[in-house]
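In what follows, a structure is listed as structure tokens, so that the remarks can point back to it.
Derivation of every value follows stated rules applied to the coordinates shown; laboratory data play no part. Predicted model only: the values in this text are computed from it and were never measured. A quick note on method: Cβ atoms are made from the backbone with ideal geometry, for glycine too, and the neighbour counts reach across all protein chains shown.
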Amino acid sequence: MLDILVSGLLLSGTYALVAMGLNLQYGVARIMNLANGEVLVLGALAAFWLYTTAQISPILTVILVIPVAFIGNWLIYRFLLTPLVRRSKSQGALEVDSILATFGMSFIFIGIMVSIEGGFFFYKYLSEPISILGSTTSLNRLVAFLLAVLIAAALYIWLHYSRPGVAVRAVSVSTEASGLVGINVPRVSALTFALGGTITAVGGALISTFITLDASIGVVFTLKALIIVIMGGVGEIRGAIVAAIILGLVETGVATLVDPGLTLAAAYFIFVIILLFRPQGLFGRRAV
Amino acid sequence: MNPATVQELIWAGVLVALAAFWPMMSNGYWLGIGVDVMMYTALATSWMLFSGPTHYISLASAAFFGVGGFVVGSGMSDYDASFWSMLALSAVIGGVLAALIGLATLRLSGVYFVIFTLGLAEMIRNLVSWVQNNFLGSRGLYVLTEFTDAHLYWMLLVTAGCVYLLGWIISRSRLGFALRIIGGDETVARHVGINTAMAKVILFTTTGVFGAIVGAIIAPRWSYIEPNQVFSPQLSFFVVIMALLGGSGRLWGPVVGVIPFLLIWNWVDSNFPNQSILVLGVAFLVIVYFLPHGFVGRIEQLRARARGR
């Protein structure tokens, strides 16, 4: 029981981080990014590849990933998604377009990753066992959790106590109104999209230290991140954290008590309950 | 999307009659392609029944298809049931499954629906594997029938024809009119008194029924059924690409998209198997950036321009 609690909590740290990335992209830039999981796997691939070919520590990779992912995601938003934002007449039309476009991107990412590494991204880093509260786990899980918490806390502080952070939150409330008060909405959206993608890629690099991924696993992470975002409420950072903890605990519980093959089914179960009883999310406000 | 015309129905009838001769003119490889074309035509047209007017992107095709294949496999292998009774059963299960999914997700905005269907095939596959491993014993499922590829082709042709006919009837009915209003503006639809959720659920249920039927018909082709194979998530994306490539405005759009995409896919897959996934990606981007209304939209645009001259 304690084992489930500890490893579930440790897992939820990285989940929360990845969900925050998606939350920024959907909540602020209004792009339903279904290539999110593939960006995560790209981050994981970078960590795996640099570690196995050049013995670069995944923690250093996290720092290397930041500028690359930021520029890459900014370019994607600027050149591929901006035309869609411009031509869409309504939020619904933009959603359909962005869903299809990001599907396209996700398959292209998978194709590229398969040509780099077709097998599993398997490597060992900090896998010594450690003991927390009497429950045995591995050091890499703890390190990934602590880094995820650190990054998430920095993001939270930035969003709440800095000027650009306020601008980002304003855009998430209303694009029209924030345009009227002098916020450069396209610029903030592009930067937020890039930031969200960066956080996702960093999360991927962290996850790869303790879960073995492969090129085509991205969609599972996209789903989990989406379920967390919906459960927490779109645009709600606190909600995403609580939701990530719930998902991490339920998944770990199902994996240990029932069958590891049923974690996705467990996530779906939570999803259905949320959809049926609280579609606006645990912390979300009811849409008017 | 305008109501389909009688003229269109006659053309469709002629096309179906001509298509029925394909197995007599071809065999082996080209007959196999024909079966694929029919399978995807039926799936893409039934996808279009729901997603065309509502603009809700469904990725559940693989789930229904898999349910159909698995029900036939399990029924014939474990319970010695006949193929036809299992075909009927799979249609019922597919419909019930779709109705349940529809009731849970279609009351909300389209995004929730897309997300839900995205992982659905994978989730059902996990559940089925788990049930099979823990309760049924992990045996393979065999589907042994007398059917040849030509028989499967004709069955799929009939199914595709039925889907088209149903779509034609719906598009001229009150339900079709309601769906067009929903697709135009859902808020307006609600305000003029349309039960939007119910209309969507009914349509989605037909998609589920036909998806399962197609999966059931294809099952004898594999003879050995395994969850990993029948619940391939790629199938859902194929269906979406083919339907949108053809054009989402017309009921006959999918036919135009299925054939070129399948030919390109088969060519790339046999020559560059590692790069085939890139084709899916490029296809999505082409649809979004260059063919937002599909081939059909492009043709109609050109025709309108020619007429204007």
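Couplings for segment A:144-155, taken from phi via the Karplus curve 6.51 cos²θ - 1.76 cosθ + 1.60 with θ = phi - 60°, read 4, 4, 5, 5, 4, 5, 4, 5, 4, 5, 4, 4 Hz in order; Gly and Pro are left as x.
Just checking the output field for A:196-209: average partner chain Cβ neighbours within 10 Å of each residue's Cβ?
Numbers: counts 0, 0, 0, 0, 0, 0, 0, 0, 0, 0, 0, 0, 0, 0.
Neighbouring Cβ atoms belonging to other protein chains average 0 per residue here.
Of all the options A:VAL85, A:VAL188, A:VAL114, the one that moves most in a Gaussian network model of chain A with Cα springs shorter than 10 angstrom is A:VAL114. 3J(HN,Hα) along segment B:205-221, derived from phi through the Karplus expression 6.51 cos²θ - 1.76 cosθ + 1.60 where θ = phi - 60°, amounts to 4, 4, 4, x, 4, 5, x, 5, 4, 4, x, 5, 5, 6, 3, x, 5 Hz, with x in place of Gly and Pro. All Cα-Cα distances of segment B:72-131, cut into 5 Å bins from zero to the largest, leave 4, 16, 17, 21, 19, 11, 8, 4, 1 percent in each bin in turn. Computed over every Cα-Cα pair of segment A:12-219 and binned at 5 Å starting from 0, the pair-distance distribution P(r) comes out as 1, 8, 15, 19, 18, 15, 11, 7, 4, 2, 1, 0 percent. Averaging 1/r across all pairs of distinct Cα atoms in segment B:6-230 and inverting the result yields a Kirkwood radius of 18.3 Å. Averaged over the residues of peptide B:239-245, the number of Cβ atoms from other protein chains lying within 10 Å of each residue's Cβ is 1.
Once amide H atoms are placed 1.01 Å from N in the peptide plane, what residues at a sequence separation of 5 or more from A:GLY233, or on another chain, have their amide H within under 5 Å of its amide H? Residues meeting the amide H criterion: A:LEU282, A:PHE283.
The mean sequence distance of close C-alpha pairs (under 8 Å, at least 6 residues apart), as a share of the length of segment B:6-230, puts its relative contact order at 42 percent. Inter-label distance, B:MET25 to A:LEU139: 7.1 nm, where each label sits 7 Å from its Cα along the C-beta direction. I want to verify the translational diffusion coefficient of the protein assembly as shown in µm²/s; compute it with Stokes-Einstein, Rh as the Kirkwood radius over Cα pairs, at 20 °C and 1.002 mPa s. Estimated diffusion coefficient is 85 µm²/s.
Of B:ILE182, B:ILE264, B:ILE101, the residue with the greatest mean-square motion in the GNM of chain B, using alpha carbon springs below 10 Å, is B:ILE264.
For segment B:1-96, applying the loop criterion from DSSP together with a ceiling of 14 other beta carbons within 10 Å to the chymotrypsin sites (Phe, Trp or Tyr not before Pro) yields B:PHE21, B:TYR79.
A cut-off of 5 Å between modelled amide H atoms, ignoring neighbours fewer than 5 places along the same chain, links A:ASP214 with A:PHE121.
Footprinting exposure proxy ranking of A:ILE183, B:ILE277, fewest other C-beta atoms within 10 angstrom first, gives A:ILE183, B:ILE277.
Taking Cβ atoms as reference points and 15 Å as the exclusive limit, the residues near A:VAL143 contribute a net charge of +1, counting Lys and Arg as +1 and Asp and Glu as -1. Exposed loop sites here are trypsin sites (Lys or Arg not before Pro) assigned a DSSP state other than H, G, I, E or B and surrounded by at most 16 other beta carbons within 10 Å; excluding them, the longest clear run of chain A is A:125-284.
For chain A, what relative contact order do you get, as a whole percent, if you take Cα pairs closer than 8 Å and at least 6 residues apart?
With pairs under 8 Å counted, the relative contact order is 38 percent.
Put simply, the amide H of A:ILE130, placed in the peptide plane, has neighbours under 5 Å in A:THR137, A:SER138, A:LEU139, leaving out anything fewer than 5 places away on its chain.
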